[in-house]
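Since every read-out is calculated from the coordinates, none of them should be taken as a lab result. All of these numbers come straight from a predicted model, not from anything done at the bench. No Cβ is skipped: glycine too gets one built from the backbone with ideal geometry, and neighbour counts run over all protein chains shown.
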Amino acid sequence: MKKLSFNQILSFIMIALLILPAFVFASSGTNVSIKSVYFKDENGNMVYVNYEQVTANSMDDDHILYEAIKHHVGIAEEKGRTIYLETNTGTILDYKLAMLDNLFKLREIIGNEKYEFDEEIEYTHELKVIDGEAKIVEAEEEDPEDPSEDVYIVRITPVDGIIVPIGTTEEEVMNLLAKTTTIEDSEGDTHIVSLDWDIINYDENTEGQYPAIGVFELPEGIDNNRELELKVETTVEVYTPVVEDWPVEVEDVFVGKSEITGNTYANIEIKEEYVTEVTGVYVEKVMANKMEDSPSQWRIKVEDGTTIDDLKGKISTILDDEDFEEEPEIIATFRPSFIPTFGYVSIEVNNIEDAEKFDVVYHLSDSEDGTENIVETDIVSIGEEAGLIFYDTNQYDTVDIRIYDGDDVFLYIFEDVVLNR
């Protein structure tokens, strides 16, 4: 049997103490509990506290407000100061008077007219949790034109549509659509909400615009008094890209297979007027080789079976006055220790200026409640090994690797890296 922690046991005890009055009356057919407490503090202020919130917070293992009530209301009780209780039925009870009559339990004073207080209680301060700390602060004045205390949604921020090439799967489109949007409440605060998308009649092989609807749930404490539809609408446009055969500098392309080695090559012929200007020719960002005895021709090894049509739209040229920035590349290797799932990581990095150090962010086994355990190694120099790390591909088969300069300043992150063995 799983044992409860001390904090869990404490939470259950506090919750039991807080809801005991409600339980007692519910069992006798009278479901009455404390909703609010009003009391005089050390400075003579009438203070309001939401007692129902105490129960809600305690169920989430948050006892800050409970401890504050024990302290501040406890002082009022000890010194015989004014204390009123408001029940969930709307009845206000003079608890100070009841205590003077030696009545301390809610069930002893409910229904007794002597302790019922018929006037509205005017308070100037509130006991609430602000930035994780319980404080007595001045109460905010209500707008006389809008006496409602409810906070409700007033605006939904729209999201942009996306354009994708034909053949893009629905799963890929879902990953491209906005994951979140923001809403504004009646107090002017902004909240982030997660979107759950549905694309109407999506067909990845047919051009056109497809309606996309993203629905969301309101954050706790935000009402929908205006009955707004809790969704955003946008479009997914599927188009067929126009692929140019070759860059303007390219005269012709030929694909052939060597009789000697069996390798397949693409010969890329540059127009005469561009020969001296072209400083690089790339196929999908891999640079071709300029022929030593024929400066107008560049050659690159391609996969066996490649055709000229396969290369359309994939060849690019770099002119003398252009800069070509290659993508960062990494090769990461896992060296297991005597335990196969524990080991060390070494890396090789290309195309990151000033890269000198790295660390590894990896997963341990998940906690019992399913939450992830994410750990990071110390920062080490490239050329050394980082670790010891836990790497079990049956649980998590990738890691993140962060790159730093010589002063440990972050430069770049490689996400979801599969380690070589």
Q: With runs of 4+ DSSP H residues as the only contributors, calculate the mean residue ellipticity of the chain at 222 nm using -39,500 (n - 2.57) per run, divided by the residue total and rounded to the nearest 500.
A: -4500 deg cm²/dmol
Q | Neighbour count of at most 12 Cβ within 10 Å plus DSSP loop: longest chymotrypsin sites (Phe, Trp or Tyr not before Pro)-free window in the chain | A | 105-337
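Please find the FRET efficiency linking Val164 to Met291, where r is the Cβ-Cβ separation and R0 is fixed at 30 Å, and quote it to the nearest 0.05.
0.15
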Q: Note the full-extension length gain between His191 and Leu388 as 0.36 nm times their separation in residues minus their Cα-Cα distance, in nm to one decimal.
A: 66.9 nm
(Q) Let me make sure I get this right: for the stretch 76-123, a, b and c are the square roots of the gyration tensor eigenvalues over alpha carbons, sorted descending. Under 1.5 in a/c it's rounded, otherwise prolate if a/b > b/c, else oblate. Which is it? (A) oblate
Q. Put +1 on the Cβ of each Lys and Arg and -1 on the Cβ of each Asp and Glu in the stretch 329-417; which of Tyr404, Pro336, Ser365 then has its Cα farthest toward the positive end of the dipole?
A. Pro336
Q) If you bin the C-alpha pair distances of the chain every 10 Å from 0, what whole percents do you get? A) 4, 12, 14, 18, 17, 12, 10, 7, 4, 2, 0, 0
(Q) With just the Cα atoms defining each centre, how far is the stretch 279-346 from the stretch 77-123? Give it in Å. (A) 80 Å
Q) Expressed in whole Å with the largest first, what are the equivalent ellipsoid semi-axes of the stretch 157-284 derived from the C-alpha gyration tensor as the square root of 5 times each eigenvalue? A) 51, 17, 14
Q) To the nearest 20 debye, what charge dipole does the chain have about its Cα centre, counting +1 at the Cβ of each Lys and Arg and -1 at the Cβ of each Asp and Glu? A) 2420 debye
Q: DSSP loop (so not H, G, I, E, B), at most 16 other Cβ within 10 Å: list which trypsin sites (Lys or Arg not before Pro) in the stretch 237-308 pass both filters.
A: Lys271, Lys285
Q) Using θ = phi - 60° and the Karplus curve 6.51 cos²θ - 1.76 cosθ + 1.60, what whole-Hz ³J(HN,Hα) does each residue of the stretch 202-209 get, with Gly and Pro shown as x? A) 5, 9, 5, 9, 10, 5, x, 9
Q: Tell me the label-point distance for the pair Glu277, Val409, using the 7 Å Cα-to-Cβ offset, in nm and rounded to one decimal.
A: 3.7 nm
Q: Could you calculate the FRET efficiency of Asn420 with Asp245 from 1/(1 + (r/R0)^6), where r is the beta carbon distance between them and R0 is 51 Å, rounded to 0.05?
A: 0.85
Q.
I want to check the label-to-label distance for Leu100 and Glu376. Put each point 7 Å from Cα in the C-beta direction and report it in nm to one decimal.
A. 6.2 nm
Q: Just subtract the alpha-carbon distance of Asn201 and Ile75 from 0.36 nm times their residue separation and send over the number in nm, one decimal.
A: 38.8 nm
Q. So what's the net charge close to Lys231: Lys and Arg +1, Asp and Glu -1, counting the other residues with Cβ under 10 Å from its Cβ?
A. -4
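Give me the net charge of Thr306's neighbourhood, meaning all other residues with Cβ under 15 Å from the Cβ of Thr306; Lys, Arg count +1, Asp, Glu -1.
0
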Q) In whole angstrom, how long is each semi-axis of the equivalent ellipsoid of the stretch 329-417, when you take the square root of 5 times every eigenvalue of its Cα gyration tensor and sort them from largest down? A) 23, 14, 11
Q. Dipole size in debye (nearest 20) for the stretch 256-345 around its Cα centre, Lys and Arg Cβ +1, Asp and Glu Cβ -1?
A. 620 debye
Q | Signed unit charges on C-beta, dipole axis of the chain, positive-most listed residue Val281, Val37, Thr180 | A | Val37
Q) Along the charge dipole of the stretch 165-317, which of Leu195, Ser258, Gly313 sits closest to the positive end, that is, farthest toward it, with unit charges on the beta carbon of Lys, Arg, Asp and Glu (+1, +1, -1, -1)? A) Ser258
Q) How far is the Cα center of the stretch 255-271 from the Cα center of the stretch 369-401, in Å? A) 43 Å
Q. Using the alpha-carbon atoms, what tilt in degrees (0 to 90, nearest 10) does helix 6-27 show relative to the longest principal axis of the chain?
A. 50 degrees
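Once the other residues with Cβ under 11 Å from the Cβ of Asp196 are scored (Lys, Arg +1; Asp, Glu -1), what is the net sum?
Values: positive: Lys179, Lys231; negative: Asp198, Glu217.
With Lys, Arg at +1 and Asp, Glu at -1, the net is 0.
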Q: Give the cross-link partners of Lys179 among the lysines, using a straight C-alpha distance below 28 Å as the criterion and excluding same-chain residues fewer than 8 apart.
A: Lys231
